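What follows is a single structure, written as structure tokens, with notes after it.
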Amino acid sequence: MTRRIFVLDTNVLMHDPSCLFRFEEHDIYLPMVVLEELDAAKKGTSEVSRNVRQVSRYLDQMIRGVNQADIEAGLPLPVPELSGDGGKAPDTGKPIGKLFLQISPPNAALPDVLPGNKPDNSILLTALALKTEHTAARITLVSKDINLRIKAAVTGVHAEDYSSDKVLDDLDLLEAGYRDLPGSFWADHGDDMESWTDNTGSAWYKLSGDDMAQCHRNQFLYFDDDSGPELLVKELDGDTATLRVIDDYSQGKQSVWGVHARNREQNFALNLLLDPDIDFVTILGAAGTGKTLLTLAAALAQTLDDSRFREIIMTRVTVPVGDDIGFLPGTEEEKMTPWMGALMDNLEVLTQSDEAGEWERAATNELLSKRIKIRSVNFMRGRTFVNRFVILDEAQNLTAKQMKTLITRAGPNSKIVCLGNLAQIDTPYLTETTSGLTYVVDHFRGWDHAGHVTLARGERSRLAAFASETL
């Protein structure tokens with residue numbers, strides 16, 4: 001097998017500190033300019049700075065107690081057992097690759113094909129020098145920077161994007177949260193099916209078959225021709241599933257704070273949001289599909305009407321779409337208010353009433369302001385939310401590590417709902433397949449107390465629906 005040496009760009013280490021342990025049996029090479037860029041970025045409280053400090057701790061642990069000869073021969077990389085961010089490099093005593101650090105300048109005989117002194121050019125020259133020195137090995141430059149990969153291709157260096165953090169190879173493989181059933185479903189399962197009604201009036205079914213083995217817990221099942229009820233998989237044991245007929249929140253049926261489901265997927269979402277057995281909900285959808293409106297309606301119904309939660313906490317990542325408007329004065333909540341236009345717009349829809357006067361509307365808004373809190377993601381570390389309904393808006397801009405930090409804030413009797421549109425990622429170096437939202441949708445799939453729905457149809461207006469489809 002051809003030996004492979006991976007030259008890592010700084011942004012790969014900043015993006016994923018554990019990348020040092022993800023190249024299996026292959027070797028890693030770190031240019032000196034990468035270490036210098038890491039040193040320059042170690043100060044601060046941002047996620048990037050924390051990642052840089054984590055990389056430094058990993059490197060310090062591996063280099064501790066070794067001599068110059070050991071460094072030149074390459075430092076053994078341990079097998080990854082990435083169980084957290086405790087700062088200790090994983091080690092099982094079974095090296096599978098080596099880490100090489102640049103200890104001398106690139107080959108002076110190389111032609112000056114890259115004028116200038118940019119760090120990217122220095123990394124490229126290092127890769128070219130390795131290509132000259134190790135003719136039998138395959139040298140690969142790994143970078144999240146598209147332009148650096150383009151320059152590498154121009155100069156004859158094989159370059160790749162860092163893909164170990166990808167949750168899925170293709171976003172089309174991401175679970176939608178529901179699937180359709182064939183029209184012959186009841187005929188196929190009529191002989192071995194059990195059915196009953198619980199004390200709330202809900203109908204239940206228990207049946208077996210190969211098609212049930214393909215399901216997972218809290219997945220919705222429906223008939224495309226509307227020949228049967230909409231079902232939710234509540235229990236699964238091999239190819240035997242227990243299904244419950246879900247509640248109907250469509251027009252003419254029961255409502256949630258005056259809101260009705262306008263399509264099948266919205267009805268699925270409301271059932272998850274109102275289910276007391278579901279602690280974690282993820283809702284994906286394009287602009288205008290009703291993610292925020294449905295979530296707020298369910299939150300208000302359970303907080304003000306049913307008293308299941310003490311208050312509603314809403315937060316989002318403050319990544320500007322255009323140019324940053326600069327410093328915002330005031331308290332934490334006042335600083336977050338400009339980012340919460342979606343909250344204000346949807347509250348206006350939920351509280352509007354032709355019959356209510358100015359005094360009634362003012363009293364309602366005063367009540368809501370005391371039960372809905374706006375918080376910044378930056379101050380979530382170390383908190384514990386008890387009896388709270390937590391809404392993470394624009395969650396597609398969060399990394400997997402940030403998602404873990406936020407979700408682990410949930411205390412007893414709390415519910416977390418993540419909303420996002422994977423087509424609107426504004427965070428640098430995050431893509432649809434590496435977003436923290438994709439990460440949690442995939443990893444919570446099938447858990448007894450988690451559910452997911454992808455909203456497919458825009459309901460904001462005919463103008464918004466047409467724009468989403470054509471622009």
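The values are calculated or read from the model by the stated rules, or taken from the named source; none is laboratory data. Just so it is clear, the model here is predicted, and its values are computed rather than measured. FYI the Cβ positions are ideal-geometry reconstructions off the backbone, even for glycines, and counts take in every protein chain you see.
Some points to look at:
- Given (1) aliphatic (A, V, I, L, M); (2) farther than 24 Å from Asn263 by Cα; (3) surrounded by 17 or more Cβ atoms within 10 Å (Cβ to Cβ), index of the condition Leu392 fails: (2)
- Among residues that are in a loop (DSSP other than H, G, I, E, B), at pLDDT below 90, surrounded by 15 or more Cβ atoms within 10 Å (Cβ to Cβ) and at negative phi, Thr315 is not included.
- Residues of region 238-251 satisfying the condition of being of a type outside the set (A, V, I, L, M, F, W, C) and modelled with pLDDT of 90 or more: Thr240, Thr242, Arg244, Asp247, Asp248, Tyr249, Ser250
- Residue that is in a helix (DSSP H, G or I), of a type in the set (A, V, I, L, M), at pLDDT below 90 and assigned by TED's automatic domain parsing to the domain that holds Val386, where the choices are Leu270, Leu304: Leu304
- Going through (1) touching a residue at least 60 places away in the same chain (Cβ under 8 Å); (2) more than 30 Å from Val245 (Cβ to Cβ); (3) not polar (S, T, N, Q) one by one, His216 falls short only on (2).
- Selection count, region 397-434, where residues are of a type in the set (S, T, N, Q) and closer than 27 Å to Arg371 by Cβ: 7
- Within region 152-167, being assigned to a helix (DSSP H, G or I) and either within 30 Å of the chain's Cα centre (by Cα) or buried (at least 21 other Cβ atoms within 10 Å of the Cβ) (or both) holds for one residue alone: Ala152.
- Checking Gln254 against (1) under 28 Å from Lys370 (Cβ atoms); (2) at pLDDT 95 or above, the condition it does not meet: (2)
- When the residues of region 413-471 are filtered to those that are farther than 26 Å from Val12 by Cβ and of a type in the set (D, E, K, R), the one that is surrounded by the most Cβ atoms within 10 Å (Cβ to Cβ) is Lys415.
- Within this structure, Arg244 fails the test of being in a loop (DSSP other than H, G, I, E, B) and touching a residue at least 12 places away in the same chain (Cβ under 8 Å).
- Condition met for Thr45 (among the polar types (S, T, N, Q) and over 24 Å from Thr427 (Cβ atoms)): no
- Options Val34, Val7: the member that is buried (at least 23 other Cβ atoms within 10 Å of the Cβ), part of a helix (DSSP H, G or I) and among the β-branched types (Val, Ile, Thr): Val34
- Selection over region 418-471 of residues that are over 26 Å from Met403 (Cα atoms), touching an Asp or Glu at 6+ places or on another chain (Cβ under 9 Å), in a loop (DSSP other than H, G, I, E, B) and small (Gly, Ala, Ser) gives a count of 1.
- Breaking point among (1) part of a loop (DSSP other than H, G, I, E, B); (2) under 30 Å from Leu455 (Cβ atoms), for Thr135: (2)
- In the set Leu141, Leu148, only one residue is in contact (Cβ under 8 Å) with a residue 12 or more places away in the chain, assigned to a helix (DSSP H, G or I) and not charged (D, E, K, R); that residue is Leu148.
- Just one of the numbered conditions (1) under 30 Å from the mean Cα position of the chain (by Cα); (2) among the small types (Gly, Ala, Ser); (3) surrounded by fewer than 19 Cβ atoms within 10 Å (Cβ to Cβ) is not true of Gly177: (3).
- The residues of region 195-206 that are assigned to a strand (DSSP E or B) and surrounded by fewer than 10 Cβ atoms within 10 Å (Cβ to Cβ) amount to a single one, Trp196.
- Residue match in region 123-132 (condition: under 30 Å from Leu284 (Cα atoms) and either surrounded by fewer than 12 Cβ atoms within 10 Å (Cβ to Cβ) or modelled with pLDDT of 85 or more (or both)): no
- Subset of region 217-241 that is in a loop (DSSP other than H, G, I, E, B) and surrounded by 15 or more Cβ atoms within 10 Å (Cβ to Cβ) - its residue that is farthest from the chain's Cα centre (by Cα): Pro229
Condition check ((1) assigned by TED's automatic domain parsing to the domain that holds Gly451; (2) at pLDDT 85 or above; (3) farther than 30 Å from His443 by Cα) across all residues:
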| position | (1), (2), (3) |
| --- | --- |
| Lys144 | no, yes, no |
| Leu148 | no, yes, yes |
| Lys151 | no, yes, yes |
| Val154 | no, yes, yes |
| Asp165 | no, no, no |
| Gly177 | no, yes, no |
| Leu181 | no, yes, no |
| Phe185 | no, yes, no |
